[in-house]
Amino acid sequence: MNARQKLARAPAVNIGISEADRAKIAKGLSKFLADSYTLYLQTHNFHWNVTGPMFNTLHTMFMTQYTEQWAALDLIAERIRALGHPAPGTYAEYAKLASVKEVSGVPKAMDMVRILVDAQEATARTARGLFPVVDKANDQPTADLLTQRLDVHEKTAWMLRSLLEQ
């Protein structure tokens with residue numbers, strides 16, 4: 001390799017986490033990104049299509065939730081990139097990776113709430129499932145990101161669930 005080729009090549013990632021561990025973490029974060037994106041899309045869809053007596057409350061609540069979720073997508077994808085791996089970015093990839101499943105049609109308002117509770121909790125489970133790998137690799141930035149996201153998903157699930165109580 002000549003000097004010009006060396007300059008053109010990006011240096012290898014050397015952040016104190018092995019390539020194998022970075023690959024495992026990136027794989028888990030890719031699943032988390034897929035869940036997060038699917039949740040975002042579901043929430044935005046429900047914001048557009050909610051009807052009924054709780055329209056204003058749910059329309060506003062869903063907007064707050066999808067706006068927060070949208071900002072988080074970038075954080076997750078950028079962490080994958082910082083680990084030296086490409087972030088998934090297509091619907092086809094998300095459909096393969098996500099544990100949150102798409103919903104057909106337009107559910108009734110309270111069914112939307114139930115679906116979002118399930119999706120928030122599924123996304124939280126995906127995040128929580130990555131901790132053993134992250135802890136083993138001593139990857140504090142990813143652990144911090146996951147902790148912050150878990151707080152949001154669990155709190156949002158609680159708030160949505162509260163709407164379903166009689």
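Can you find a residue that is touching a His at 6+ places or on another chain (Cβ under 8 Å) and among the basic types (Lys, Arg) anywhere in the range 5-26? Within the range 5-26 (the criterion being touching a His at 6+ places or on another chain (Cβ under 8 Å) and among the basic types (Lys, Arg)), the answer is yes, since at least one residue qualifies. The set of residues in the range 92-110 that are modelled with pLDDT of 95 or more and either in contact with a His (Cβ under 6 Å, 6 or more places away or on another chain) or of a type outside the set (A, V, I, L, M) (or both) comprises 93, 94, 96, 99, 107, 108.
Pick from the range 70-94 the residues that are over 13 Å from residue 27 (Cβ atoms), among the hydrophobic types (A, V, I, L, M, F, W, C) and more than 14 Å from the chain's Cα centre (by Cα): which of them is surrounded by the most Cβ atoms within 10 Å (Cβ to Cβ)? Ranking the candidates gives 82 first. Exactly one residue out of 38, 64 is buried (at least 18 other Cβ atoms within 10 Å of the Cβ) and either assigned to a helix (DSSP H, G or I) or in contact (Cβ under 8 Å) with a residue 24 or more places away in the chain (or both), and it is 38. For the range 80-88, the criterion of being charged (D, E, K, R) and in contact (Cβ under 8 Å) with a residue 40 or more places away in the chain is met by none of the residues.
For the range 102-114, which positions are surrounded by fewer than 21 Cβ atoms within 10 Å (Cβ to Cβ) and either in a helix (DSSP H, G or I) or out of contact with any helix residue (DSSP H, G or I) (no Cβ under 8 Å at 6 or more places or on another chain) (or both)? Reasoning before the result, please.
Quick first cut of the range 102-114, residues surrounded by fewer than 21 Cβ atoms within 10 Å (Cβ to Cβ) only: 102-111, 114.
Of everything in the range 102-114, those that are surrounded by fewer than 21 Cβ atoms within 10 Å (Cβ to Cβ) and either in a helix (DSSP H, G or I) or out of contact with any helix residue (DSSP H, G or I) (no Cβ under 8 Å at 6 or more places or on another chain) (or both) turn out to be 104, 105, 108, 109, 110, 111, 114.
Does the range 41-53 hold any residues that are part of a helix (DSSP H, G or I) and surrounded by 15 or more Cβ atoms within 10 Å (Cβ to Cβ), and which are they? Correct list: 41, 42, 43, 44, 45, 46, 47. The residue of the range 131-166 that is nearest to the chain's Cα centre (by Cα), among those that are more than 22 Å from residue 110 (Cβ to Cβ) and of a type in the set (D, E, K, R), is 149. In the set (1) modelled with pLDDT of 95 or more; (2) more than 20 Å from residue 139 (Cβ to Cβ); (3) surrounded by 13 or more Cβ atoms within 10 Å (Cβ to Cβ), the condition left unmet by residue 56 is number (3). Kindly list, by first and then second residue, each pair from a residue in the range 2-27 that is of a type outside the set (A, V, I, L, M) and at pLDDT 95 or above to a residue that is part of a loop (DSSP other than H, G, I, E, B) and surrounded by 15 or more Cβ atoms within 10 Å (Cβ to Cβ), limited to pairs with Cβ atoms under 6 Å and residues at least 6 apart or on different chains. Listed by first residue and then by second, the contacts come to 21/137; 22/83; 22/84.
Number of residues in the range 115-160 that are surrounded by fewer than 23 Cβ atoms within 10 Å (Cβ to Cβ), aliphatic (A, V, I, L, M), over 22 Å from residue 18 (Cβ atoms) and touching a Leu at 6+ places or on another chain (Cβ under 7 Å) equals 2.
The values are calculated or read from the model by the stated rules, or taken from the named source; none is laboratory data. Please read all numbers here as calculations on a predicted model, not as lab measurements. All Cβ positions, glycine included, derive from the backbone under ideal geometry; neighbour counts span all protein chains shown.
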